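Heads up: the structure comes next, in structure tokens.
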Amino acid sequence: MPDPLHDALAALYRARIAPDPIGAEAARVLAAWPQHWIAPAPQDAAPHTASRHVSSVLAAGGPASDLRAALRDVAALLPWHYSYPPRADGPDLAAEIAFAELIGPRGWAGSTSIRVGLTLIGPGTYYPAHAHPAVELYAVISGTAEWTACGEATLRPPGAWILHQSGTPHAMRTAAEPLLAVYSWTGDLQSPSVYVEYPPGRRAIPS
Ligand SMILES: [Fe+2]
């Protein structure tokens, strides 16, 4: 059954297919795209604390207007969660960072070969360096943030795509704006993302 969010997500990846590494990964994700999408049921659980940022990020202008409109329609149903153990130097992380898997083993569309979902980071938040075996492709939907990988920090605006190869430590830091990005994983979907020790590298946003 057609679903505006399912279709808008697929269109996002379809538009980025190109003869370069990011375009090849977008094609890899689409090649595994599931056909069945189960309409979400209303959640009984209280929404994740970070979801308080959703309305402002979806109201912002920018690229992927069809996707933002589709997300607005299901905003109250998005399955936000935070999956890392607590850390002493980031007691607020669980309240400011959240993920919502839409396609994958736990998604609204089941898949054992790809994960596709949303990453939401509140303003003024450092998502510390982390790594995972899966190859990861991000599409920034809303919010300009500092993205660090391989020691290089870069400001990435809405519309940017970021590819993290398997095992690459990476980190994000938001400034005044919250960040909403679509992520995908291919490869090893089962090994979790874990925090890693990593030098912060050159800063693009002053502390
Ligand atoms: Fe990642």
**Request:** Would you be able to say whether some residue in the stretch 86-97 is part of a strand (DSSP E or B), surrounded by 14 or more Cβ atoms within 10 Å (Cβ to Cβ), at pLDDT 90 or above and not polar (S, T, N, Q)?
**Result:** yes
**Request:** Tell me, please, whether a residue that is surrounded by 14 or more Cβ atoms within 10 Å (Cβ to Cβ) and more than 19 Å from residue 120 (Cβ to Cβ) can be found in the stretch 37-58.
**Result:** yes
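Name the residues in the stretch 99-127 that are polar (S, T, N, Q) and either farther than 22 Å from residue 47 by Cβ or within 13 Å of the ligand (Cβ to nearest atom) (or both), would you? Write out each step before concluding.
Step one: list which residues in the stretch 99-127 are polar (S, T, N, Q), which gives 111-113, 119, 125.
Residues satisfying the conditions are 111, 112, 113, 119.
Tell me, yes or no, whether the stretch 151-162 has at least one residue that is of a type in the set (Ser, Thr, Tyr) and in contact (Cβ under 8 Å) with a residue 40 or more places away in the chain. Walk me through it before giving the result.
Narrowing the stretch 151-162 to residues of a type in the set (Ser, Thr, Tyr): 154.
Right, trim to in contact (Cβ under 8 Å) with a residue 40 or more places away in the chain and you get 154.
The answer is yes; a qualifying residue exists.
Report those strands (runs of 3 or more DSSP E) wholly inside the stretch 111-176 carrying at least 2 residues which are open to solvent by less than 40 Å² (accessible area, probe 1.4 Å).
Numbers: elements: 114-121, 126-131, 135-142, 145-149, 152-156, 161-164, 170-174.
Answer list for the stretch 111-176: 114-121, 126-131, 135-142, 145-149, 161-164, 170-174.
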**Message:** Among the residues of the stretch 60-69, are any part of a helix (DSSP H, G or I), closer than 30 Å to residue 191 by Cβ and modelled with pLDDT of 80 or more?
**Reply:** yes
**Message:** Looking at (1) surrounded by 14 or more Cβ atoms within 10 Å (Cβ to Cβ); (2) within 11 Å of the ligand (Cβ to nearest atom); (3) under 27 Å from residue 71 (Cα atoms), which one does residue 192 not meet, given that it meets all the others?
**Reply:** (1)
**Asked** So residue 130 fits all but one of (1) more than 13 Å from the ligand (Cβ to nearest atom); (2) within 14 Å of the chain's Cα centre (by Cα); what number is the exception?
**Response** (1)
**When residues of the stretch 170-183 are limited to those that are closer than 20 Å to residue 21 by Cβ and in contact with a Gly (Cβ under 9 Å, 6 or more places away or on another chain), the one nearest to the ligand (Cβ to nearest atom)** = 183
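The values are calculated or read from the model by the stated rules, or taken from the named source; none is laboratory data. Please read these numbers as outputs of a predicted model, since none were measured by experiment. When we count neighbours, we look across all protein chains shown, and the Cβ atoms used for this are built from the backbone with ideal geometry, even at glycine. Note: accessible area is taken over every heavy atom of the protein model, side chains too, but ligands, DNA and RNA are not part of it. Shrake-Rupley method; radii C 1.70, N 1.55, O 1.52, S 1.80 Å.
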